[in-house]
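Written out below as structure tokens is the structure these notes cover.
All of the numbers you see were taken from the coordinates with simple rules; none came from a lab. Remember, predicted model here, so these are calculated numbers, not experimental data. No Cβ is skipped: glycine too gets one built from the backbone with ideal geometry, and neighbour counts run over all protein chains shown.
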Amino acid sequence: MRLLKLFIIVLLLASCKKEGTQWQTQWLLPLVNDTLSLANYYNDSTLIQNAGQIEVNLTRQVLDLGLADLIKIPDTTISQSFQSNFTVNNVTPGFEFVNATKTHNLDLSDIQLKKVRIQNGQILLKIKNPLNTAVLFKIELPGVSLNNQPFVYTYTLAPGTIQQPTINTETISLAGYEIDLSGAQSLEYNKLQSKLTLQTDPNGPTVSLFNNQIFEFEALFKEIHLDYAKGYFGSQAMIANKQFTLPFMDKIVGGSLALPPMQMSIEISNGFKMALRAQIEQLTNTNAQGVSYSLSAPSIGPSMYLAPAIGTWNTLQPSTMLLTFDGNNSNLQNYVENLGAQQDIHYQIQPNPWGNTSAGNDEAFAHSRLKVKVNAQIPLALNADGLTLQDTFDLNITQDLNKSHVNAAKLIIDATNAFPLASDLVLYFLKNGQVWHTVIADAQLASAALGQIDPTDGLLKKKSTVQISLPQSVFIDLNDLDQVVVSAAFSTTDPNSGLAIDQAIQAGAFLALQMKLQLQTQIKP
Amino acid sequence: MYRIFFIFLFVGNVLLGQQSIDLQLMGHYNSTGIVRQIPDAFFYGGTIDSAAIDKSYESLKQRNNFGLLMGGYVIWKSPWKLPLAKDKLLAEYQWTFSIGAQQYTGLHFSKDAFGLLFKGGLPYLGDTLQLNPLLLESTSFSKVGIGLSNPSTASSILLNFVQVQNHFAARLNQATWFQDDQTAQISLDLDGTSNLGSPSLGFGLALDIDYRFGTDTEEVDEQEFQLLVQNLGAAYIPSHQSYALNGTMQLSAMPISWWQNKKLDELGQQILDSLGFEKKVQSSWILMPASILLAKRINEEPIKKIQAYYGAQMLLRQSYTPFVYAGAHIKAKQFWQTGVGLAYGGFGGLRAQAYSILKFNNKQLILRSDNITLHNGASLLIQFRCEF
């Protein structure tokens, strides 16, 4: 009997235990409404329309060097000082006690400049006076002139002491100044002269000049950029190894792509009045599978020589060289079809490959450029067979299953496709790099090849609806999942044979997407 | 609360003299359209299936009510009289003490709001949903009272000190929801406010008045009426959260580039900004959910075996409609009287009510339900009275 009472009490208590109130609701959320087209690329001449088809107009300047890139004058300080060897008493007011010239060498490695003009830059002057009367500093830079007027700086510096000399600093712009670096005899290079004149204050007292007093000036040439240079520009080769990644190409993880015959040219233009050697040592790409492919052509490997430009300021005519790559002289098509995301180029550019043959008469002007331009026009037609683009996104969504949460979801994609590409979509949900759930779309995003011509715009289009159902199991594991991989396999399938064939992209092609998310939610207030 | 109740019982038993204790516990919930399975799931837990939701939805009108009223109190009419001379007006009055607690929740809602909440937006693609009027009022409080009662008429008046434990009031003046069936774009137009009181911070005063009146004849079968006013007062809530929405929001599909640069929490804030969401802390006075009942009292010593009873009750809340009832009272046995009748209003529509009164010497037990049949809810009132 006691047992029965206990059982009844336990039963009553258990029946009082409240489970959560819950019910299910259905929602539809608008996500994406977008049209993906190639129209944005027309403006920068990436794509051009030709006879109703699209061509890739790949004209890109891959190298553009100017005078500032070729000849750089480092920040340089020149200084000149005076110190008497003995004590001079009774130095009268207005007495000129220094008048000295000094030549300075600019360290420019193997570059030997005779004349330059400064586009912009400045000089920072610093003078010191240890004498107990004011001193008139006169600093001349004989080779530095503006409109044929030499650079002269005068300043009266207040009296100072040996322990605390009076100091003055001043910054002066050198824009437009010409500098003759050929020295006093006009036969040298990289030479800069300065002349220092010191005079006591005409209205000051009579003073004594001691042998431990040092009068000094410093001139710092700072951030000097040239717009003209003449001399010998050296022969130091610029050896470069450049790497760059093509967007989206690294997302291709499978399948193949066949492209129509194509041609590419590289134009090298030398706007400097100096001889030039250029060499493309190697051009290699590596795709997402790690397969590398090198471009081979007669012009890859050997050195090519460009003559100096001719003319002067207004009549400058660069010398040019045109390299052509096509199916006859290169493996360009295979190179592109390797779908290499990682591009490596090794090249050398060397001025004056035969040394100072111009006898120091290399010249560069403000508008002198060394340019390398790539030009290719490729019909945008392709043959894709399961060409798979795959991208991984971090997944950082958590939900508490004891509170209101999403049970299941369905991604609904309504698409209008004017591209001749069909696509199969798959989502992989990952935890710690391992695939936990694979979700496959219920249908293929159909190719325009299966559609009909729309009389409003004359485009071949196909509408399709693709649904991707995310089952409850995905949401149960959602807190543990950390990445989602979106995989899209593209094919240019022939509607009749079912085989991948060459398909041209029609001008104005687009993919209109309308994505909605249908949610089944468990409400637990 | 329970300890105080037992102390009252104990004290009532040991004191000598004319005194009584009334204990009442009651709980009602009802709706004009929602089937009972839905509120039951909220009270007892469980899954609300789509059949119950569909059934409720079909029976709802454009405007509907749901409400919950529960509570209990103890009144001790003490033997102590006022220290006045016998010829004074209040000389016969006894000191009376009470303690009680009550929960009131009332909801006035539209059929569309119910559908959106319990079904979601998907079934209503292409339809414009009118979510207003939506009014939710919820107040829970406890009270301790002191007053006077007349032992000969049973009239009484008590002044209660009230502590509000919870107060929530929300109102949507204007709210429409439209979702385009092609683009799934959601258009939401909202104008509403809500106040959420902090717990245990509201204090106030309220009056309970029980006034009995009737014919002055000395007939045994005289008609007696009761005017019962409870919780007539106000409380001050010094600090509570106040929210306001007044704006229009469009939730539409966006370009892919927009999603690439957007975070979900930013989207939530953007929606709130679009709806003109404002939040502030403020103080306010609230009126207590006062109840006013005017009823014919049952003659517990009737000459006739059957007598009529009727009454009407109002509650000082917008979500509560006037409640009227009427029925027949039957004296089945000397210790058992019962009654059946019909009730209408409050939170629900027409339904049947019934009660029984059991009397044993100076003790009386009343069991009553206002939801016997025709109901969308449940109701139970237990009243125990002991005179000694």
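The table below lists the values:
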quantity	calculated
Size of charge dipole - segment A:72-232 - debye, nearest 20, with Cβ of Lys, Arg +1 and Asp, Glu -1, no other charges	120 debye
Per-residue Cβ neighbour rank within 10 angstrom, fewest leading, A:55, A:178	A:178, A:55
Theoretical FRET efficiency, 1/(1+(r/R0)^6), r = Cβ-Cβ of residue B:193 and residue A:453, R0 56 Å, to 0.05	0.50
Net dipole in debye of chain B [+1 Lys, Arg Cβ; -1 Asp, Glu Cβ; about Cα centre; nearest 20]	900 debye
Efficiency of FRET between residue B:366 and residue B:90 - r from beta-carbon atoms, R0 25 angstrom, step 0.05	0.30
Cut-off under 5 Å, modelled amide H: who pairs with residue A:84 long-range	A:213
Kirkwood hydrodynamic radius (C-alpha pairs) into Stokes-Einstein, segment A:72-232, 20 °C and 1.002 mPa s, D in µm²/s	129 µm²/s
Most to least packed among A:455-467, B:46-58 [average Cβ atoms within 10 Å]	B:46-58, A:455-467
Over 29 Å (Cα to Cα) - which of B:61/B:143; A:128/A:230; B:111/B:280; A:410/A:463; A:410/A:462 fall in this group	B:61/B:143; A:128/A:230; B:111/B:280
FRET efficiency for residue A:494 and residue A:391, using Cβ-Cβ distance with R0 set to 30 Å, rounded to 0.05	0.60
Cα-projected label distance for residue A:83 with residue A:178, points at 7 Å along beta-carbon direction, nm	3.9 nm
Inter-chain Cβ neighbour average for residues B:253-261, partner chain, 10 Å	4
Convex hull projection area averaged over all views, chain A, Cα basis, nm²	47.9 nm²
Most positive-pole-ward Cα, A:137, A:260, A:408, against dipole of chain A from beta carbon charges	A:408
Size of electric dipole in the protein assembly as shown: Cβ of Lys, Arg +1 and of Asp, Glu -1, about Cα centre, debye, nearest 20	3240 debye
Sum of side-chain charges, residue A:252 neighbourhood, beta-carbon under 14 Å (Lys, Arg +1; Asp, Glu -1)	-3
For residue A:398, net neighbour charge (Lys/Arg +1, Asp/Glu -1) across residues whose Cβ lies under 12 Å away	-3
Net lengthening on full extension, residue A:334/residue A:101 (0.36 nm per residue, minus Cα-Cα)	77.2 nm
For segment A:234-368, alpha-carbon Rg over 2.2 N^0.38 Å	1.29
Degrees separating the helix A:2-16 axis from the principal Cα axis of chain A, which is the longest one	60 degrees
Spacing of the two label points (7 Å from each Cα toward its C-beta) at residue B:18 and residue A:69, in nm	11.4 nm
Loop-located trypsin sites (Lys or Arg not before Pro) in segment B:71-106, at most 16 other Cβ atoms within 10 Å (DSSP)	B:86, B:88
Segment A:456-500 residues near the modelled residue A:398 label - backbone nitrogen below 15 Å, point 7 Å along Cα→Cβ	A:477-483
Peptide A:25-38 - average C-beta neighbours from other chains (10 Å radius)	6
Positive-end residue of B:302, B:269, A:207, charge dipole of the protein assembly as shown with Cβ unit charges	B:302
